[in-house]
1. Restricting to the range 66-102, count the residues that are away from the ligand (no atom under 16 Å from the Cβ) and in contact (Cβ under 8 Å) with a residue 24 or more places away in the chain.
2. For the subset of the range 253-285 comprising residues that are open to solvent by 20 Å² or more (accessible area, probe 1.4 Å), part of a helix (DSSP H, G or I) and among the hydrophobic types (A, V, I, L, M, F, W, C), which member is farthest from residue 137 (Cα to Cα)?
3. So which residues in the range 198-222 are touching a strand residue (DSSP E or B) at 6+ places or on another chain (Cβ under 9 Å), touching a residue at least 60 places away in the same chain (Cβ under 8 Å) and open to solvent by 30 Å² or more (accessible area, probe 1.4 Å)?
4. Please give the number of the condition residue 195 fails out of (1) buried (at least 24 other Cβ atoms within 10 Å of the Cβ); (2) closer than 24 Å to residue 70 by Cβ; (3) within 16 Å of the ligand (Cβ to nearest atom).
5. Any idea how many residues of the range 321-347 are under 21 Å from residue 284 (Cβ atoms) and either in a loop (DSSP other than H, G, I, E, B) or open to solvent by 30 Å² or more (accessible area, probe 1.4 Å) (or both)?
6. Any idea which of 146, 229, 163 is of a type in the set (D, E, K, R), away from the ligand (no atom under 12 Å from the Cβ) and open to solvent by less than 40 Å² (accessible area, probe 1.4 Å)?
7. Spot the failing condition for residue 185; the list is (1) in a loop (DSSP other than H, G, I, E, B); (2) surrounded by fewer than 18 Cβ atoms within 10 Å (Cβ to Cβ); (3) in contact (Cβ under 8 Å) with a residue 24 or more places away in the chain, and only one is missed.
8. Going by what's in this entry, would residue 136 be described as open to solvent by less than 10 Å² (accessible area, probe 1.4 Å), closer than 22 Å to residue 340 by Cβ and within 16 Å of the ligand (Cβ to nearest atom)?
Amino acid sequence: MSNQYPFLRLGDVNRRYEAELIEAAVRVIQSGRYVGGDEVTSFERELGEMVKTKHVVGVSNGLDALRLILRGYIELGEMAPGDEIIVPANTYIASVLAVTDCGLTPVLVDADIHTMNIDYDLIREAVTPSTRAIMTVHLYGRIAWDERLMAIARKYNLKIIEDCAQAIGGRACIPGINGSYQAGGLGDAAAFSFYPTKNIGALGDAGAVATNDPALAKAVRALANYGADRRYHNIYCGGNCRLDSLQAALLRVKLPHIDEENGGRFERALVYERMISHKNIVKPFMSRWVTDNVWHQYVIRVTDGKRDRMKEELLKRGVETDIHYAVPPHRQPCYAGLAHGELPVTERLASEVLSLPISSCTSVSEAAEIAKIINNIEL
Ligand SMILES: *Cc1c(COP(=O)(O)O)cnc(C)c1O
């Protein structure tokens, strides 16, 4: 049977913006400016207004955004190669790659089975005199922010770097503080990705760094442009990690629709939450705050070793699913020996997680049909 319920069809996601995207592309083609320039500056300002940080630097992709933050801290003398960065063990591998690429040492901390984000109670044990930062990853769109995280960072003078690749537009509600805080404005620096599959996707690669630290912003901007702080004046051995004007212009079309996009995902998540009831399925936890999860993925756990069966049975019925992620970073060939100690929750998640269609190319009524199909599968 053909896939009646595709996991993600990017053409459908972008179709609603097509006229405006074409207009933006024509504007760039005719401008004669293709890297950086006004489109990038405007995009940086608009993203900064949204995230509420003083500085945003548009860069080539999310991995480079993370790398540039770490490299920036190294250039500023806040970190040195060999220093340790705490990273959730069940993250997408890019979070870890950024750390090792800068000569820093990732220290993997296990996840909380309930939130599937870093287990805040395990962070303290991972801190050593070499620890310089905690990279908090808002995995699957759920904001990973907690009093315990802030307390440990304060106590040991650690930077908090947010990996916001999956959580653009998310807001954390912090107990004791009125109002909410945008993902990307919570920690010392944040990395965004606009890879086409993310909640706001470019039509190619794109990313951004957000921070309130002017020295870091300056270092990141220079490092992304051959290490030059002005033309032909190279203060660092930098790279070429700049944002294209075309991607910036396209992103400026989609960025104002972030709450609508995320709201649509929430609607579908609610349908799954209300309708799925299956003895082998544990649904993702719904917090009482609406905005602290932007549902980049809707990730169920299929228990008792039945995940792969469930995936197969769903595909037979035309429902495409995905696995984020079947192999955690420390099980990848390139990271053999990376994990010191057990990571039982990460291992368990890798064998149980299954992502259901959640993007705008799946309608709310299709989500309801998918839930019914799931409930009728006997494993
Ligand atoms: C996508 C992603 C990245 C990397 O972003 P790219 O733009 O693909 O380089 C980093 N971290 C997480 C958690 C991601 O999901």
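The values are calculated or read from the model by the stated rules, or taken from the named source; none is laboratory data. This one's a predicted model, so the numbers in the text were calculated from it and none came from an experiment. Cβ sites come from the backbone with ideal geometry, for glycine too, and all protein chains shown count toward neighbours. Ligands, DNA and RNA are stripped out before the accessible areas are found, and what is left, the full protein with its side chains, is counted by its heavy atoms. Shrake-Rupley method; radii C 1.70, N 1.55, O 1.52, S 1.80 Å.
1. 10
2. 275
3. Selection gives 198, 205, 212, 213, 214, 221.
4. Looking at each condition in turn, residue 195 falls short on (1).
5. Number satisfying all stated conditions: 12.
6. Only one candidate passes the filter, namely 146.
7. Status for residue 185: all satisfied but (2).
8. Against the criterion (open to solvent by less than 10 Å² (accessible area, probe 1.4 Å), closer than 22 Å to residue 340 by Cβ and within 16 Å of the ligand (Cβ to nearest atom)), residue 136 qualifies.
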